[in-house]
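The values are calculated or read from the model by the stated rules, or taken from the named source; none is laboratory data. Everything numeric in this text was worked out from a predicted model, so none of it was measured. When we count neighbours, we look across all protein chains shown, and the Cβ atoms used for this are built from the backbone with ideal geometry, even at glycine.
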Amino acid sequence: LALETLSEAGPLDAIAIELSGLAEPGAIIRQLRRADAPLDTVVTLASTVDYEQVITTSPLVTRQIQLADVVLLTHGDLVDANRMRWVATQISQLNSRAPVVPVVQGDIAPAFIFSPRHDRDIPEEFCHQPSEYQAVSWQSDRPVQRSALEQTLRELSARGLFRAKGIVFCTDSPWADEVHVVAGRMTFSALRLTHEPSPLCRLVLIGSAAAIAMAAEMLNACIDSAERIADWQIRRAAIA
């Protein structure tokens, strides 16, 4: 009911829901899905100061880490680098797909928490975030092959891609798709745009240096053949 009230109040960029320390995140995720509310990112905070004590207080603490899309290590200013690495290793053993990001005094780029705008280049605030993660904007004026794009995003996720957001056209459909990837979760949502965007396809990607370094080349390889693109253009023109 609260989400419906907020949505009716006007257009919102995002809604952040802060749960209690012993909340069951799985139940909240299921409620959001039943309400057809898009879920962007599940964030879990883990203290580097008393991690061993907190992790044993309840199975729910472990569950919160396992369901997270990103884990933020807090109190980084109170421990040394060895302690930070040890806690990060413990968390990665519970959840290997989620990036573990140290933060000091709450300093974190919003692009880690909220999806970047697909109509912009690299999020400006991300460029000033000291981090092992990098960002890149990819674009193309030609449509892509859906199966190739899905496979590429899976491969990039395995190499350290954390987040991707944007709009693409695939040759199996005349309509655009909004692509959303976060910590290995991938969704394609059909869009009926009122005008054709320029460029035709555009993605903002955030991830490890290794993933970002190969992203452009791998995405370019997803562009479909000239023959299939010509057939796609004919089909689109027929319904215009």
In the stretch 190-227, which residues are part of a helix (DSSP H, G or I) and surrounded by 13 or more Cβ atoms within 10 Å (Cβ to Cβ)?
A210, A211, I212, A213, M214, A215, A216, M218, L219, N220
Of all residues in the stretch 137-189, how many are part of a loop (DSSP other than H, G, I, E, B), β-branched (V, I, T) and at pLDDT below 95?
0
Which residues, taken from the stretch 187-224, are touching a residue at least 60 places away in the same chain (Cβ under 8 Å) and polar (S, T, N, Q)?
S208, N220
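Under the condition of being farther than 27 Å from A230 by Cβ and of a type in the set (K, R), which residue from the stretch 133-162 is surrounded by the most Cβ atoms within 10 Å (Cβ to Cβ)? Let's see the steps before the verdict.
Step one: list which residues in the stretch 133-162 are farther than 27 Å from A230 by Cβ, which gives 133-137, 154-162.
Right, trim to of a type in the set (K, R) and you get 154, 159.
Details: R154: 14, R159: 16.
In this case the residue turns out to be R159.
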Exactly one of (1) touching a residue at least 60 places away in the same chain (Cβ under 8 Å); (2) closer than 19 Å to S157 by Cβ is unmet by R228. Its number?
(2)
Residues of the stretch 75-102 being crowded, with 17+ Cβ neighbours inside 10 Å and outside any helix (DSSP H, G or I), in sequence order, are H75, V79, N95, A98, P99, V100, V101, P102
